[in-house]
Amino acid sequence: MKNTVPNFLRRFTLLLGILGVMFYSEDSFAQRKKKKDAKDAPAAPAPRPQNNGANKKGPKPYKDVITKDAKSMDGLFKVHQIDDKYFYEIQDSLLGRDMLMVTTIAKTAEGIGYGGERTNTMMLRWEREGDMILLKVVSVNNYAADSLPIAQAVKNSNLEPILQKFEVKSNATDSTGVVIEATDLFAKDVQALGLPRNRRTQYRVQRLDSDRSYIKHIHTYPINVEARYVMTYAAQSPPSNSATGLITLEMNSSMVLLPKEPMMQRLADQRVGWFSRSYVDYGADAQKAQSRRFLDRWRLEVKPEDMEKFKRGELVEPVKPIVYYIDPATPKKWVPYLKQGVEDWQRAFEAAGFKNAIIAKEAPTAEEDPTWSPEDARYSVIRYFASDIQNAYGPHVSDPRSGEIIESDIGWYHNVMNLLRNWYFIQTAAVNPQARSVQFDDEVMGRLIRFVSAHEVGHTLGLPHNFASSNAYPVEKLRDPEFTKAMGTAPSIMDYARFNYVAQPEDEGVNLLPDVGPYDKYAIMWGYRPIPEASSPEEEQPILDQWIMEKQGDPVYRYGRQGNRYDPTTQSEDLGDNSMLASEYGIKNLKRIMPNLMEWTKEEDKPFKDFSDLEEMYGQVIGQFNRYMGHVRTHIGGVMEVYRASGQDVPVYTHNSKEMQKSAVAFLNEHLFKTPSWLMNEEIIARTGDFGALERIRSLQEGTLNNILEWGRLGRVIENEAINGDEAYKITELFEDLRKGIWTELSRGATIDVHRRSLQRAHIERLELLLTEDEPEVSAQFRRFVGPQIDASQSDIRPMARGELKTLQRQIRAAIPRTSDRMSKMHLEDLDARIDMILDAE
């Protein structure tokens, strides 16, 4: 039928329709906004569809879902198991609550991490939409206070991804909750809860093999739900058992309820070492996206009735102390020492104003408390693992909103005792009869266990490694019995200071072990002492800064981060303020141990024992010697990093002095590049291997030489000269000092032994690499660890390498006619030809 409505009327009608839509939308938005602003009104639960059984798509009656065959557990969520299916009964009061999901590898295949390794941490919320429950991953990277206009923009830019969607199977019997089936969350391939992406790529994982994957159990507790599940992946390049084409892991996901009211943050300061977290605070009064960093720490609070005592300076007990339970699986004889390691931190918390703030207890027996479980997140536990891994670790679970540590389970591997034995033997046996055996008395081993226990507990309190600590004390003070008994061997047990290898046999009574020290007490005070007069993190800052400034400049209270490869004052496994002097003492002790190594690794009650302990301890001697070389090497091109605040008129970065760098090169020339023949003990070599002794020495020498002539180090040497001129140790001096130490035979025409021939070839090869190669490209994610890349073609490095090769060639040619040893002469003729080829090809 023909449309007879005039065109103008049709257009007018269309316009009214459009305006109507606009007005409707605007009114609807206003209504929603009005409701949202009514903050005092409680959130109404999502309407529950009425279901009388006729609507087959909606929730079913409770009894039809949770049948009489179900095995049920009460806890944070009520968990029901029916055959191989698992159901969560979630109370309405928990919908929308912040929870933390921590996923770890519980058991692993060879070559894939270690048991207890954390693979992912996410903050989650369970939310209802109609007949669906959505498990959302909540972003904690960006923030603005709800009261600020920009808060809505932040929310709009951080839409929460949905980790999993679940149908509401039933409503709870009292209509205060919902029932969902959670099986697929752990039985299917949810990447965030399984093998991490980088390892999937590394092992060329193709898919999850569902037939070989299953849930072992799901347990529920008052504030957490623990899921243990086995995941088997089809992979083209598995790290072990490659013929199977499979990787099997046992995973554990722990979901922990976070406090309804987050603890007040304490803002971090890089001058005090602390595990911390950050987010971008778009509400900060700054003309950029401002990062806000705050500490991970336990909630230690003063009881209201004790506040006046606290203000007067009296020690008070916290509202809730930190309690560690010792795993019932721990051998009984080691339990007291693990407990002592925990309670060694009591005196640190006293500096923060608390007494009895940290306590160790033995876990109750099943008869004493049948409900107690190490999986219950209300309990922090030192877990004992029957494993040959030589390690222990101290993680913690903390609230990403505030940094509050919720719980911690320290992992203790049985075979960490072997690591302790090796360290203590190699570093102290020269002065310590108790260490002259491969089987220590229980009391000695117990004291070593106590040391590691205290170190790992320190991590769980929030303290990272402090690698500046071991540099704080003068080397000679480490030989002083009175000083070491009062101050320990380093100011912090959180350094890798290990044991006192500086002490000499005549230093009777000197302390050999580290302990919770003055830096640790200061750091705990700084992080945990309540500041009652402050009601916000910002109000605390002036007081926290004042505490830092009171200690500024004292090396005892300095923090130095782990991973700074070029700072000679923040090294792992070192002691004292002068690596050359400390290493000199250490080498003297190794030379005392070597002649006794066979005797001290015997066991009289094992007459038919093999030489595996001798071989292991000989390797430990070589490894310790190599550590000393590394400590000294770091001084060359070294740059000290001492954190400061922006208002302090003191540099953060300072180049190592010319004198210290020259001293380091002279030390290496004397102790390493001049063949350390004392390491070539014929009796030991004859009992520990048919081949490889020469290679060990060659590898030590080449590794150190290549690390000295490394791109980043040479770049720092060049930059030092550009900044400091004649006060700097110049690259020309470095190359000349190395040449004089490595090629001493040339001027005399002397015989060149087999070790030195290998070293000299390595020197030529390294110079060739510097002349003809470029620095290996480093991906952007690792560049922050290694520093700027060197452009070899525009650097002074290539001219120096070419000049050195030409100088060496002249000296080699002059030495050939006056060298009488046939092998030495052939060696020099070969090097002359090699240099020709390098320079001709370049």
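Since every read-out is calculated from the coordinates, none of them should be taken as a lab result. Note that the structure is a prediction, hence the values are computed from the model and not measured. Please note: Cβ atoms are built from the backbone with ideal geometry, for glycine as well, and neighbour counts cover all protein chains shown.
Overview of values
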{"item": "Length-normalised contact order of the stretch 362-423 in % [C-alpha pairs under 8 Å, at least 6 apart]", "result": "35"}
{"item": "Stretchable slack from R565 to N356, in nm (0.36 nm times residue separation minus alpha-carbon distance)", "result": "71.3 nm"}
{"item": "Table column - 3J(HN,Hα) (Hz), the stretch 596-604, Karplus curve with 6.51, -1.76, 1.60, x for Gly and Pro", "result": "9, 4, 5, 5, 6, 9, 6, 9, 4"}
{"item": "Amide hydrogen neighbours beyond the local backbone of E362, cut-off 5 Å, H modeled", "result": "I326"}
{"item": "Under-5 Å amide H pairs with T119, H placed in peptide plane, nonlocal only", "result": "T103, T104, I105"}
{"item": "Hydrodynamic radius (Kirkwood) for the stretch 589-724, which is based on Cα pairs only, to one decimal in Å", "result": "17.8"}
{"item": "Solvent-free Debye scattering, log10 I(q)/I(0), computed from the Cα coordinates of the stretch 536-590 at q = 0.13, 0.14, 0.15, 0.24 Å⁻¹", "result": "-0.53, -0.58, -0.64, -0.98"}
{"item": "Estimated inter-spin distance, D832 and N391, nm [label 7 Å along Cα→Cβ]", "result": "5.3"}
{"item": "Reference-scaled alpha-carbon Rg (2.2 N^0.38 Å with N residues) for the stretch 439-568", "result": "1.20"}
{"item": "Test item: Cα-centred dipole of the stretch 236-395, Lys/Arg +1 and Asp/Glu -1 on Cβ, debye", "result": "600"}
{"item": "Share, in percent, of DSSP beta bridges within the stretch 297-561 that are antiparallel, nearest 5", "result": "25"}
{"item": "Within the chain, longest stretch clear of exposed trypsin sites (Lys or Arg not before Pro) (DSSP loop, no more than 10 other Cβ within 10 Å)", "result": "313-747"}
{"item": "Relative frequency of Cα-Cα separations exceeding 43 Å in the chain, percent", "result": "45"}
{"item": "Cβ-derived FRET efficiency at R0 30 Å, D649 paired with Q541, nearest 0.05", "result": "0.90"}
{"item": "Cβ-placed point charges (K, R +1; D, E -1), dipole of the chain about Cα centre in debye, nearest 20", "result": "2580"}
{"item": "Within the chain, longest stretch clear of exposed chymotrypsin sites (Phe, Trp or Tyr not before Pro) (DSSP loop, no more than 12 other Cβ within 10 Å)", "result": "1-607"}
{"item": "Among the listed pairs K136/K320; K85/K188; K107/K320, those beyond 23 Å (Cα-Cα)", "result": "K136/K320; K107/K320"}
{"item": "Pairwise label distance in nanometres, R822 with A366, each label 7 Å out on the Cα-Cβ vector", "result": "7.8"}
{"item": "Per DSSP, loop GluC sites (Glu not before Pro) in the stretch 366-470 with at most 11 further Cβ within 10 Å", "result": "E367, E368"}
{"item": "Gain in span if fully extended, R204 to K188, counting 0.36 nm per residue against the direct Cα distance", "result": "3.9 nm"}
{"item": "For the stretch 387-493, diffusion coefficient by Stokes-Einstein and Kirkwood Rh (Cα), 10 °C, 1.306 mPa s, µm²/s", "result": "100"}
{"item": "For the stretch 708-786, radius of gyration divided by Kirkwood radius, i.e. Rg to Rh on alpha-carbons", "result": "1.07"}
{"item": "Given charges at beta-carbon only (K, R positive; D, E negative), |dipole| of the stretch 62-257 in Debye", "result": "560"}
{"item": "Rule-of-thumb Rg ratio for the stretch 297-561 [Cα; 2.2 N^0.38 Å; N residues]", "result": "1.06"}
{"item": "Relative contact order computed over the chain (Cα-Cα under 8 Å; 6+ residues apart), in percent", "result": "7"}
{"item": "Calculated log₁₀ intensity ratio I(q)/I(0) where the Debye formula runs over C-alpha points of the stretch 62-257, q = 0.16 Å⁻¹", "result": "-1.06"}
{"item": "Between the stretch 387-426 and the stretch 292-348, the alpha-carbon center distance in angstrom", "result": "18"}
{"item": "Span-like helix ranges in the chain, DSSP H, alpha carbon extent 30 angstrom or more, Kyte mean at least -0.5", "result": "7-37"}
{"item": "Theoretical gain in end-to-end length, R378 to L159 [0.36 nm per residue, Cα-Cα removed]", "result": "75.7 nm"}
{"item": "Principal semi-axes in Å for the stretch 479-548 [√(5λ), Cα gyration tensor, largest first]", "result": "36, 10, 8"}
{"item": "Cα-projected label distance for F691 with S93, points at 7 Å along beta-carbon direction, nm", "result": "7.3"}
{"item": "Computed FRET value (nearest 0.05) for E305 with D791, which takes r as the C-beta separation and R₀ as 56 Å", "result": "0.25"}
{"item": "Sum of side-chain charges, L295 neighbourhood, beta-carbon under 14 Å (Lys, Arg +1; Asp, Glu -1)", "result": "+4"}
{"item": "Which of E533, E641 has the fewest Cβ neighbours within 10 Å, and the rest in rising order", "result": "E533, E641"}
{"item": "Relative contact order for the stretch 297-561, counting Cα pairs under 8 Å that sit 6 or more residues apart, in percent", "result": "19"}
{"item": "Largest to smallest principal axis extent of the C-alpha atoms in the stretch 639-718, angstrom", "result": "63, 21, 21"}
{"item": "Residues listed by number, the stretch 309-330, amide nitrogen under 16 Å from D442 label point at 7 Å toward C-beta", "result": "330"}
{"item": "Options V168, I66, T121, ranked by Cα towards positive dipole end of the stretch 62-257, top entry (Cβ charges)", "result": "T121"}
{"item": "Rule-of-thumb Rg ratio for the stretch 568-634 [Cα; 2.2 N^0.38 Å; N residues]", "result": "1.37"}
{"item": "Residues with amide H under 5 Å from that of M132, placed H, sequence gap 5 or more", "result": "V168"}
